[in-house]
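Since the structure comes first, as structure tokens, the remarks are kept for the end.
Please treat every number below as a calculation from the coordinates, not as lab data. A quick note: this is a predicted structure, and the numbers were derived from the prediction, not measured. Cβ atoms come from the backbone with ideal geometry, glycine included; neighbour counts cover every protein chain shown.
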There are 2 protein chains.
Amino acid sequence: MTDNPTAAVLIIGNEILSGKTQDANLKFLGESLARLGIGLVEARVIRDEPAVIAAVVNECRARHTYVFTTGGIGPTHDDLTAESIALAFGVPLVVDEDARRRIGRGGRDLNPARLKMATVPEGASLIDNPVSHAPGFKIGNVYVMAGIPAVARAMFGAIEHELRGGDPILSASVDVFEREGDIAAPLDAIARRHGDVEIGSYPFARDGRFGACLVVRGTDRARIEAVLAEIRATLLPDG
Amino acid sequence: MTDNPTAAVLIIGNEILSGKTQDANLKFLGESLARLGIGLVEARVIRDEPAVIAAVVNECRARHTYVFTTGGIGPTHDDLTAESIALAFGVPLVVDEDARRRIGRGGRDLNPARLKMATVPEGASLIDNPVSHAPGFKIGNVYVMAGIPAVARAMFGAIEHELRGGDPILSASVDVFEREGDIAAPLDAIARRHGDVEIGSYPFARDGRFGACLVVRGTDRARIEAVLAEIRATLLPDG
């Protein structure tokens, strides 16, 4: 659809895969990246295992303009993301003095567990954490952020100005109270005529009625509106 | 932790990556598989692109006991999962007569779009859909289900009896109102002593207080309770 930069999101944490915790970062990151004109083309949910994390990071950072990770940067034994990223880049872990100062703010005890949160792969730069101080970090094209949604959002807010985006990916939609099986043929014909936009059909049942949300996505607002108008005229002749 | 069978979940759909739609299937599948003693070790969110879907399916079906997919089996032009799975297995698509009968129930017009929902990779067997009739399908170790959460759940309910599980993966947890940085060392010591269970620490802020939910997971209920008791005795000496 576009030549925009691409990204992968890695959601790191056994608690997401066990079903204990509902991920709440992917939707936010997908929306935010679209707004910046960066195409989120894959996401992976992986376990807290350094060899696995390192392999997936290396696969994704070679393939995409950006990689964003969430989770695993706290002080406990199951927080293994920093060492995994160091493994991926083949660099040692080092204590970052700036991070140590931030974590020690308010006179908090800088015990070994908290010092772990100041330990980053050599060559990494910090990502501000306006919520709870312990920073994330960036190395190469990999941005390493916290898993707690409020912190992940704040960290993304701290880095988004430095991301090189493309044309913002825009969308517009219309709800049609028809079954998908009845509108698929005319919708397909419209999609074939307009390859410069992406048309999605997402079925729903609402108040006992079946319907579909028809979404047009692209980078040209006028083209999106024109295709949406054609969809309306075709599928909602009386609407 | 165990020698249980493993699984991957593939969430197929541009709408999840664009942030339009919040995934609501992964948590359910993670919980359900844990209950059956099947370890969900990775999940991928991928676009509606046959070459991508086929490559990821082939990677995951070689690596895991089971692969479960959600999304992309409707009648519209952007529903490409069936053709992608056929591509992955190197087999043609064929109309399944039983699926055609199910979709035609209630005298619904069997137009080409609805016929597409009766079209499956050769050799596939159907997965019942008690909600909206159009079936999913299974081929090899790959179970292909709908994306709509109510339908995905119903389809999983229809197949779970045939899955070969291991020991159910159980868990128990305690909330500790301490900062993770203050409990990390004793928790690490406990985790090192008990490698037969998995201990996770998930921080939270609730009513203005910081804390962590400490989760013990494993397959032996008595061992889980013993380790949780040790965590309580160590971290909640007055509790």
What is the average number of partner chain Cβ atoms found within 10 Å of a Cβ in A:202-211? 3
For the stretch A:21-28, 3J(HN,Hα) per residue [Karplus equation, 6.51 cos²θ - 1.76 cosθ + 1.60, θ = phi - 60°, Hz, x = Gly/Pro]: 10, 7, 4, 10, 10, 5, 4, 4
Exposure-ranked with fewest Cβ neighbours within 10 Å first, A:E59, A:E15 stand as A:E59, A:E15
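Averaged over peptide B:143-151, how many Cβ atoms belonging to another chain are found within 10 Å of each residue's Cβ?
1
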Dipole of chain A (Lys/Arg Cβ +1, Asp/Glu Cβ -1, origin at the Cα centre): which of A:V41, A:T76, A:H64 lies farthest to the positive side? A:T76
Gaussian network model of chain B, springs between alpha carbon atoms under 10 Å - residue of B:A43, B:A62, B:A34 with greatest fluctuation: B:A62
Ranked from fewest to most other Cβ atoms within 10 Å of their own Cβ, B:V151, A:V9, B:V56, B:V94 fall in the order B:V94, B:V56, B:V151, A:V9
Who wins for biggest fluctuation among B:H77, B:H133, B:H64 in a Gaussian network model of chain B, springs between alpha carbons below 10 Å? B:H77
Based on the mean of other Cβ atoms within 10 Å per residue, sort peptides B:82-91, B:218-227 so the most packed one is first. B:82-91, B:218-227
Compute for the stretch B:170-235: radius of gyration divided by Kirkwood radius, i.e. Rg/Rh, restricted to C-alpha atoms, rounded to two decimals. 0.97
In peptide A:70-79, how many Cβ atoms from other protein chains are near each Cβ within 10 Å, on average? 6
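If you average 1/r across every pair of different Cα atoms in the protein assembly as shown and take the reciprocal, what Kirkwood value do you get, in Å?
23.9 Å
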Please arrange A:E180, B:E49 by how many other C-beta atoms lie within 10 Å of their C-beta, fewest to most. B:E49, A:E180
Cα-based helix-to-principal-axis angle, B:50-63 vs chain B, degrees rounded to 10: 50 degrees
The lysines whose Cα lies under 22 Å from the Cα of A:K138, excluding any fewer than 8 residues away in the same chain, are A:K27, A:K116
Computed [θ] at 222 nm, helices only, for chain B once each DSSP H run of length n ≥ 4 contributes -39500 (n - 2.57): -11000 deg cm²/dmol
Rounded to 10°, Cα long-axis angle of helix A:149-159 versus longest principal axis of chain A: 90 degrees
HN-Hα J couplings of the stretch A:173-189 from phi, Karplus 6.51/-1.76/1.60, θ = phi - 60°, integer Hz, Gly and Pro as x? 9, 9, 8, 10, 8, 10, 6, 3, x, 8, 10, 4, 5, x, 5, 4, 4
Using C-alpha positions alone, give me the convex hull volume of chain B per residue in cubic angstrom. 156 Å³
Rounded to the nearest 5, the percent of DSSP beta bridges in chain A running antiparallel is 60 percent
So what J values fall out for the stretch B:11-18 if you push phi through Karplus, 6.51 cos²θ - 1.76 cosθ + 1.60 with θ = phi - 60°, rounded to Hz, Gly and Pro as x? 9, 9, x, 4, 5, 6, 6, 6
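For the stretch B:6-162, what's the relative contact order in percent, using C-alpha pairs closer than 8 Å and at least 6 residues apart? The partial results should precede the final answer.
Working: 291 pairs, mean separation 36.1, N = 157.
In percent, rounded to a whole number, it is 23.
Before anything else, pin down the relative contact order of the stretch A:170-235: Cα pairs under 8 Å, at least 6 apart, normalised by residue count, whole percent. Write out the running numbers ahead of the final one.
Details: 100 pairs, mean separation 29.4, N = 66.
45 percent.
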